[in-house]
Amino acid sequence: MLTGIPAVRELRSNSAWAARARIWPFETGLSLPDDAQIIFAEVWPSWWRGRQELGPPNDKAQVRTVAALFAARDRAGELACWFTPPVHETEVRRIVAEEAWTLGVMEPRRAGGNAAPPIVLEKTINGTYLRDPVEISRRSFALVRAETDLGRFPRSLRPLALRMAHAAGDSTILDHLAWSGGAVAVGRRALAAGAPILVDATMVEAGISGERLAAGNRILCTLRDPRTAGIAAALGTTRSAAAVELWRPHLEGAIVAIGNAPTALYHLLEIIAAGAGKPALILGFPVGFVGAAEAKAALAAFGRGIAHITLDGPRGGSALAAAAVNALVSVA
């Protein structure tokens, strides 16, 4: 502070731009200054997870992460709201008079060191919790956008990436998102044509917004089919893999969403390689430390003209698989 404040003052007083510069919030209040072209504001780089590929060293990665994030929010028209953080009216005077604020901080920090701000903004200005589902959703997705550089994804994939980060409560999963070219377009066309949606777990089925399936798409989960246990015993495999056997009549042109069992994804690839019908799109998000990363790598390398979207590594789950389907439905 002792060395930084004099430097800021010297910059603020430079005659080349002094008339069009302001220090936020001391000279502007907690609002976006309309009469300024240059704004001096404090930021806290550690508030956001640094993108390590922008370093080393760590300081360089942090600075570049923040610069890219602010630029992305500005392009999206969302930066302005950061100048009006959600604080109570009675706090504004003290903040402007002495405490100031850190630009981009919109929520209390979670426990756990350098964790990012919470995805869902649950408090309103007067301290009561937010009840309006539309507003909760709007703010939630706005916060995900604020900490995620969606510009690195194809435009068609961004709504799906956004929903997945929201479902996981963790935008860093998007660093591991992998997809084939045109996967979203393929999925949209299949849904519009009434393709069935084959899922490996009832949790995936429950998470899909069936009322939005305008083409009356059937959601099929065969895990609890009475035949599954016998097939599993005969094949010497898991019930999840055995349930895939019952997909055979429905596979051609289908949407497959796997959010639980790596063995289900492995067996799906096996039967397709052996001549079973080809689904239009495979959403591969099995989760776990045994086989999940390997099954998803096999999907990414499978080819045979089958579109796919997956997540490298052990992370995944039914919520992500359902969110991916819902994203396709919402833009179909």
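Read the figures in this text as sums done on the coordinates, not as results from a lab. Please read all numbers here as calculations on a predicted model, not as lab measurements. Using ideal geometry, Cβ is built from the backbone for each residue, glycine included, and neighbour counts are taken over all protein chains shown.
Only Lys, Arg, Asp and Glu count, each charged at its Cβ (+1, +1, -1, -1), so figure out the dipole size of the stretch 152-331 about its Cα centre, rounded to 20 debye.
420
If you average the alpha carbon positions of the stretch 274-329 and of the stretch 6-26, how far apart do those two centres end up, in angstrom? That distance is 52 Å. Neighbours of residue 284 by Cβ distance under 15 Å: Lys/Arg scored +1, Asp/Glu scored -1, total 0.
For the chain, what's the relative contact order in percent, using C-alpha pairs closer than 8 Å and at least 6 residues apart?
Relative contact order comes out at 14 percent.
Above 38 Å lies some portion of the pair distances; for the chain, what is it as a whole percent of all C-alpha pairs? More than 38 Å apart: 30 percent of the Cα pairs in the chain. In a reduced charge model with +1 at each Lys and Arg Cβ and -1 at each Asp and Glu Cβ, the chain shows a dipole moment near 620 debye about its Cα centre. How would the stretch 15-115 be classified by its alpha-carbon gyration tensor: rounded, prolate or oblate, with rounded meaning a/c under 1.5 and the a/b versus b/c comparison settling the rest? Oblate shape, in that a/c is at least 1.5 and b/c is the bigger or equal ratio.
What the pair-distance distribution of the stretch 152-331 shows, using all Cα-Cα distances binned every 10 Å from zero, is 11, 43, 38, 9, 0 percent. Here the Gaussian network model covers the chain, with springs between Cα atoms less than 10 Å apart; of 308, 88, 250, 88 fluctuates the most.
Per DSSP H run of n ≥ 4, the term is -39500 (n - 2.57); total these for the chain, divide by its residue number, and report the mean residue ellipticity at 222 nm rounded to 500 deg cm²/dmol. Intermediate values should be presented prior to the final figure.
Numbers: 12 runs with 126 residues, N = 332.
Helix-only estimate at 222 nm: -11500 deg cm²/dmol.
Around residue 27, with a cut-off of 13 angstrom between Cβ atoms, what is the net charge of the other residues, counting Lys and Arg +1 and Asp and Glu -1? Mind showing how you got there, number by number?
Numbers: positive: 9, 12, 20, 22; negative: 34, 35.
Combined, the nearby Lys, Arg, Asp and Glu give +2.
Around residue 230, under 11 Å between beta carbons, what's the net of Lys plus Arg minus Asp minus Glu among the other residues?
Values: positive: 227, 239; negative: 225, 245.
Residues close to residue 230 contribute a combined charge of 0.
Below 8 Å between Cα atoms, with a sequence gap of 6+, how large is the relative contact order for the stretch 211-331 in percent? List each step's numbers first, then the result.
Details: 191 pairs, mean separation 28.0, N = 121.
Result for the stretch 211-331 is 23 percent.
In the elastic network of the chain, a GNM with C-alpha springs shorter than 10 Å, the most mobile of 178, 161, 307 is 178. Beta bridges per DSSP, both residues in the chain: antiparallel share near 20 percent.
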